[in-house]
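Okay, so here's the structure we're looking at.
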Amino acid sequence: MIKIGNHLIDNNQPVFIIAEISCNHQGDFYQAQELVKAAAQAGADAIKLQTYTADTMTLDSSQPWFQAVGNWKGKTLYELYKEAATPWSWFPQLTALANEYGLESFSTPFDETAVNFLEKFNPSCYKISSYEFTFIPLLKKVAKTGRPIIASTGFDSLEEVTYSVKILRNYGVKDLILLFCLTSYDLISSSSTANLATMLDLKKRFNVEVGLSENSGGIDIAYAAANLGASVIEKHLVLEHDPSILDNAFSLDKLEFKSMVDSIRSAKKMSPEERLRLNAEIKNGSLFGQVIYGPKNDIEKQFSGFRRVLIASKDIKTGELLTTDNISGLRTTNAPGFPSRFLESFLNKTAKCNINRGDPVTFSLIN
């Protein structure tokens, strides 16, 4: 059993439901406050913020692999994250407001500087984004805090999940929850390739509590996951649907969120016989699917390219030593670079040739 704040997390407890605020505040502090209140009124147990800046996520560059795609096409990644970021100055008041409404409040840090900042608030846990679950420097940093970790597995292969779990365990994580994560940002694609069987495989394979982080509209997948044994459900929340909100397409409005919470809570009150029957129906239905790690459809394959790769964050001259000052694991759109998990293998090597700022770093460029 895992304790997050005042909540006990395991399959015999009420499902721990997280309202993901992300960028749905649209840079408006009043709207952020209203989202906290809406989460409480909808029956959520926690709100989750995101902690990053555009400069810690990506590079201000016009090169092809720094252009956004999908719902965010037409922006550079830097423009996207600059617009979407939650100002760090809001955190004290939003945390206090969440506490006032009886909600747990924690965040997803996207790099080590964010962890340093969040530690000031004594968070009850940390959430790791599916895009950052292979960003090893971040995993080591959060692990060393000794706090419970909720991590989304997203696009990760079984090998990658196994490696990241090993890192977290080796660096001190005792309380770990793995979320099966659907990242099509599209209800139809997510529904047709939900493969909730994978969530149960995570539980069996890694001996952890499991749940679902579900980035699409609708409540059916979350409801099914809860009835299959998810201990945690995370969904994005908006006050009302509005196409101008960056994450609108895959969020629930406050009424939909309440409907999801109510349906999950009601199912927990079923008799054992009713729950067994419902469980069997779900396992025989289209959402259960099969055990699949990694991208589950063409849309997820495209978005998996947002995961961090090694990029020259400054111009590097021939013979110059590679350090964390001139190479970084950064988000791109399918840049042909090495995954960020290999960062330590590149450090203290020397450049074989000039490497321009914004270029992917590969072994062919170093001695």
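Which members of the range 36-69 meet the condition of being among the aliphatic types (A, V, I, L, M) and closer than 30 Å to SER263 by Cα?
VAL36, ALA38, ALA39, ALA40, ALA42, ALA44, ALA46, ILE47, LEU49
Can you confirm whether the range 320-338 contains a residue that is hydroxyl-bearing (Ser, Thr, Tyr) and outside the structural domain of ILE366 (by TED's automatic domain parsing)? Break it down into steps so the answer makes sense when it comes.
The first filter runs over the range 320-338 and keeps only residues hydroxyl-bearing (Ser, Thr, Tyr), leaving 323-324, 328, 332-333.
Narrowing further to those that are outside the structural domain of ILE366 (by TED's automatic domain parsing): none.
There is no residue in the range 320-338 that is hydroxyl-bearing (Ser, Thr, Tyr) and outside the structural domain of ILE366 (by TED's automatic domain parsing).
Quick one: which of ALA46, ALA19, ALA42 is within 20 Å of THR183 (Cα to Cα), buried (at least 16 other Cβ atoms within 10 Å of the Cβ), touching a residue at least 12 places away in the same chain (Cβ under 8 Å) and among the small types (Gly, Ala, Ser)? Lay out the reasoning, then the answer.
On the way: ALA46 fails: within 20 Å of THR183 (Cα to Cα); ALA42 fails: within 20 Å of THR183 (Cα to Cα).
Result of the check over ALA46, ALA19, ALA42: ALA19.
Taking the range 73-115, which residues are of a type outside the set (Gly, Ala, Ser), out of contact with any Gly (no Cβ under 7 Å at 6 or more places or on another chain) and over 28 Å from THR333 (Cβ atoms)?
Scanning the range 73-115 gives TRP90, PHE91, PRO92, GLN93, LEU94, THR95, LEU97, ASN99, GLU100, TYR101, LEU103, PHE106.
If I filter the range 147-159 down to residues being at pLDDT below 95 and crowded, with 16+ Cβ neighbours inside 10 Å, which single residue comes out as nearest to ILE2 (Cα to Cα)? Working first, answer last.
Step one: of the range 147-159, the residues at pLDDT below 95 are 153-157.
Narrowing further to those that are crowded, with 16+ Cβ neighbours inside 10 Å: 153-156.
Numbers: THR153: 19, GLY154: 22, PHE155: 25, ASP156: 24 Å.
Looking at residues that are at pLDDT below 95 and crowded, with 16+ Cβ neighbours inside 10 Å, I get THR153.
Restricting to the range 301-338, give me the number of residues that are in a helix (DSSP H, G or I) and buried (at least 21 other Cβ atoms within 10 Å of the Cβ).
Going through the range 301-338 one residue at a time, the tally reaches 1.
Restricting attention to the range 287-300, does a residue exist that is at negative phi, of a type outside the set (Asp, Glu), assigned to a helix (DSSP H, G or I) and surrounded by 18 or more Cβ atoms within 10 Å (Cβ to Cβ)?
yes
What helices (runs of 4 or more DSSP H), lying completely within the range 13-120, carry at least 1 residues that are in contact with a Pro (Cβ under 7 Å, 6 or more places away or on another chain)?
It comes to 112-118.
If SER190 satisfies every condition in (1) in contact with a Ser or Thr (Cβ under 8 Å, 6 or more places away or on another chain); (2) small (Gly, Ala, Ser); (3) modelled with pLDDT of 90 or more but one, which is the exception?
Evaluating SER190 over (1) in contact with a Ser or Thr (Cβ under 8 Å, 6 or more places away or on another chain); (2) small (Gly, Ala, Ser); (3) modelled with pLDDT of 90 or more leaves (3) as the failure.
Could you check how many residues of the range 74-94 are surrounded by 14 or more Cβ atoms within 10 Å (Cβ to Cβ) and either more than 22 Å from VAL309 (Cβ to Cβ) or outside the structural domain of SER22 (by TED's automatic domain parsing) (or both)?
Step one: of the range 74-94, the residues surrounded by 14 or more Cβ atoms within 10 Å (Cβ to Cβ) are 75-86, 88, 90-91, 94.
When the remaining residues are screened for being either more than 22 Å from VAL309 (Cβ to Cβ) or outside the structural domain of SER22 (by TED's automatic domain parsing) (or both), the result is 83, 86, 88, 90-91, 94.
Matching residues across the range 74-94 total 6.
Residue under question is GLU240, and the condition is that it be assigned by TED's automatic domain parsing to the domain that holds GLN67 and without any contact (Cβ under 8 Å) to a residue 12 or more places away in the chain; does it hold?
Spelling it out, it is not the case that GLU240 is assigned by TED's automatic domain parsing to the domain that holds GLN67 and without any contact (Cβ under 8 Å) to a residue 12 or more places away in the chain.
Testing MET270 on (1) without any contact (Cβ under 8 Å) to a residue 60 or more places away in the chain; (2) surrounded by 13 or more Cβ atoms within 10 Å (Cβ to Cβ); (3) assigned to a helix (DSSP H, G or I), one condition comes back false. Which one is that?
(3)
Which count do you get for residues in the range 129-185 that are of a type in the set (Phe, Trp, Tyr) and farther than 28 Å from SER216 by Cα?
The number of residues fulfilling the criteria is 1.
For the range 124-146, give me each residue that is without any contact (Cβ under 8 Å) to a residue 40 or more places away in the chain, crowded, with 22+ Cβ neighbours inside 10 Å and touching a Phe, Trp or Tyr at 6+ places or on another chain (Cβ under 6 Å).
VAL142
Specify the residue that is surrounded by the most Cβ atoms within 10 Å (Cβ to Cβ); the eligible residues are those in the range 95-109 that are in contact with a strand residue (DSSP E or B) (Cβ under 8 Å, 6 or more places away or on another chain) and aliphatic (A, V, I, L, M).
Ranking the qualifying residues of the range 95-109, first place goes to ALA98.
The values are calculated or read from the model by the stated rules, or taken from the named source; none is laboratory data. All values reported here derive from a predicted model rather than from experimental measurement. Virtual Cβ from ideal backbone geometry, glycine too; neighbours counted across all protein chains shown.
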